[in-house]
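The values are calculated or read from the model by the stated rules, or taken from the named source; none is laboratory data. Source: prediction; values computed, not measured. With ideal geometry, Cβ positions are generated from the backbone for all residues, glycine too; neighbour counts draw on all protein chains shown. Just the protein is used for accessible areas: all its heavy atoms, side chains included, with ligands, DNA and RNA removed. Shrake-Rupley method; radii C 1.70, N 1.55, O 1.52, S 1.80 Å.
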Amino acid sequence: MPKDTEFYNTISSRYSADRYPTVAHSYTQFFFKKRLSLIIDCIRQLTKETDKHLSILEIGCADGVVLREIYETFGNRFSSLVGVDISPKMIEAASAKHRDAPLVFKVRDEYYDAKRYDLVIEVGVLNYTDWESDLRFAREHLSQGGHYLCSLAGTRSLHALAKGGGEYFKNHLSYREYEEGMRERFTVIRALPVGFFVPLIWRFPALAGPIQAVAESIGSRLAPDLAHEKIYLLRNR
C-alpha cells in the first residue's frame, strides 16, 4: 500500500496508540514494540562507547514516539534530539504531545539545518521512499564516524510470502541487494532481524505473545533473511 503525506496526516492523531499499546494484541503491534526495543539496545551500546553527549536526528519521526523513548531511556546523554517528518499533522501531534521534553520537531521539506549529527535514525520509512536517496540524505547529516540506524523490509520475508507480494511489497528488495547499496557509503556494523510472521496465532493474543517471542529467538538465529525487517547499524566513513 503506498504511503504518502496525506496518509500520515490522516493517522497522526492515533499513530502511537495503534502501534505501541502497553500489551500487544496483534502481530503489527508486537513488531513495532520489538523493533523499538532493539533500537534502544543498539543506542545503549553506542552510549557505552563514548562519554560525550550525543546529538540525534530522526528521519520519519511520526508523532515523536521513538525520540521520546530515547529521551526517557537515556536522559541527558543526548544534547540534541531532532525529528523530521513529511507529514505536517504528525509534526503538530509530536510538538503537542512532547512539549514537556527537550525534543524538536520539523516538517522535513522545511528542514535546512547544516548541523551534523552523531546518530541518524530512520526506521519503518525506507521502503516507502527512494531508499538510496535517503541513504545520501542521512550521510549528509552525519558527522564523520557517526552512526546511521535504519530498517528495511525484505522481499523474501515470511510476512511478504504470507501476503503474496503485491502493491504493498513493490518497493522491497532482498537484504543482499540492500546491503550492497549500503556498503557503497557506509560500514555495516550490525544487522538485526526482527519480525518472523506466524500466520493465524494473533487470533488468540494471550497465546500469541509467547509463541511470537519463541519465533523471534529461533528465526533470528537460523533464518535471518526470513525476517519482516532488518535493523542496520551503519558507520559513516
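Residue-by-condition table, conditions (1) part of a helix (DSSP H, G or I); (2) without any contact (Cβ under 8 Å) to a residue 12 or more places away in the chain; (3) not hydroxyl-bearing (Ser, Thr, Tyr):
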site: Glu6; (1), (2), (3): yes, yes, yes
site: Ala17; (1), (2), (3): yes, yes, yes
site: Ala24; (1), (2), (3): no, no, yes
site: Lys33; (1), (2), (3): yes, no, yes
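Take the conditions (1) open to solvent by less than 50 Å² (accessible area, probe 1.4 Å); (2) of a type in the set (Ser, Thr, Tyr); (3) at pLDDT 95 or above; Tyr71 misses just one of them, which is (1). No other residue among Asp113, Asp85, Asp100, Asp51 is touching a Gly at 6+ places or on another chain (Cβ under 7 Å) and among the acidic types (Asp, Glu) apart from Asp85. Among residues of segment 198-223 that are under 16 Å from Arg35 (Cβ atoms) and of a type in the set (D, E, K, R), none has a Cβ under 6 angstrom from a residue that is assigned to a loop (DSSP other than H, G, I, E, B) and open to solvent by 80 Å² or more (accessible area, probe 1.4 Å) at a sequence gap of 6+ or on a separate chain. Within segment 99-122, residues that are at pLDDT 90 or above sit with their Cβ atoms under 9 Å from residues that are open to solvent by 30 Å² or more (accessible area, probe 1.4 Å) and of a type in the set (A, V, I, L, M, F, W, C), at 6+ positions apart or across chains, in these pairs: Val107/Ile86; Arg108/Ile86; Val120/Phe137; Glu122/Phe137.
Just give me the residues in segment 38-59 being out of contact with any helix residue (DSSP H, G or I) (no Cβ under 9 Å at 6 or more places or on another chain) and assigned to a helix (DSSP H, G or I), in sequence order. Listed by number, the residues that qualify are Leu38, Asp41, Cys42, Gln45, Leu46, Lys48. Checking every residue in segment 52-59 against the condition of being open to solvent by 20 Å² or more (accessible area, probe 1.4 Å), at pLDDT below 95 and farther than 23 Å from Ala114 by Cα gives zero matches. Residue pairs whose Cβ atoms lie under 6 Å apart, sitting 6 or more positions apart in sequence or on different chains, and linking a residue in segment 147-173 that is at pLDDT 80 or above to a partner that is among the hydroxyl-bearing types (Ser, Thr, Tyr) and open to solvent by 20 Å² or more (accessible area, probe 1.4 Å), are His172/Thr155; Leu173/Thr155.
Here is the figure for segment 97-124: residues that are farther than 21 Å from Thr50 by Cα, open to solvent by 60 Å² or more (accessible area, probe 1.4 Å) and not in a strand (DSSP E or B) total 9.
Are any residues in segment 184-223 within 26 Å of Arg139 (Cα to Cα) and either at pLDDT 95 or above or in contact with a Ser or Thr (Cβ under 8 Å, 6 or more places away or on another chain) (or both), and if so, which ones? Once the filter is applied, which keeps residues that are within 26 Å of Arg139 (Cα to Cα) and either at pLDDT 95 or above or in contact with a Ser or Thr (Cβ under 8 Å, 6 or more places away or on another chain) (or both), segment 184-223 yields Phe186, Thr187, Val188, Ile189, Arg190, Ala191, Leu192, Pro193, Val194. Tell me which residues, restricted to segment 74-96, are more than 21 Å from Ser37 (Cα to Cα) and open to solvent by 30 Å² or more (accessible area, probe 1.4 Å). Residues satisfying the conditions are Ser79, Ile86, Pro88, Lys89, Glu92, Ser95, Ala96. Elements of the type helices (runs of 4 or more DSSP H) sitting completely within segment 125-237 and holding at least 2 residues that are β-branched (Val, Ile, Thr) and either touching a Phe, Trp or Tyr at 6+ places or on another chain (Cβ under 8 Å) or surrounded by fewer than 19 Cβ atoms within 10 Å (Cβ to Cβ) (or both): these cover 205-222.
Quick grid of which residues meet (1) at positive phi; (2) surrounded by 18 or more Cβ atoms within 10 Å (Cβ to Cβ); (3) at pLDDT below 95:
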| residue | (1), (2), (3) |
| --- | --- |
| Asp4 | no, no, yes |
| Arg19 | no, yes, no |
| Lys33 | no, no, no |
| Ile39 | no, yes, no |
| Cys42 | no, yes, no |
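All conditions but one from (1) β-branched (Val, Ile, Thr); (2) under 24 Å from Ser217 (Cα atoms); (3) surrounded by 15 or more Cβ atoms within 10 Å (Cβ to Cβ) apply to Val23; the one that does not is (3).
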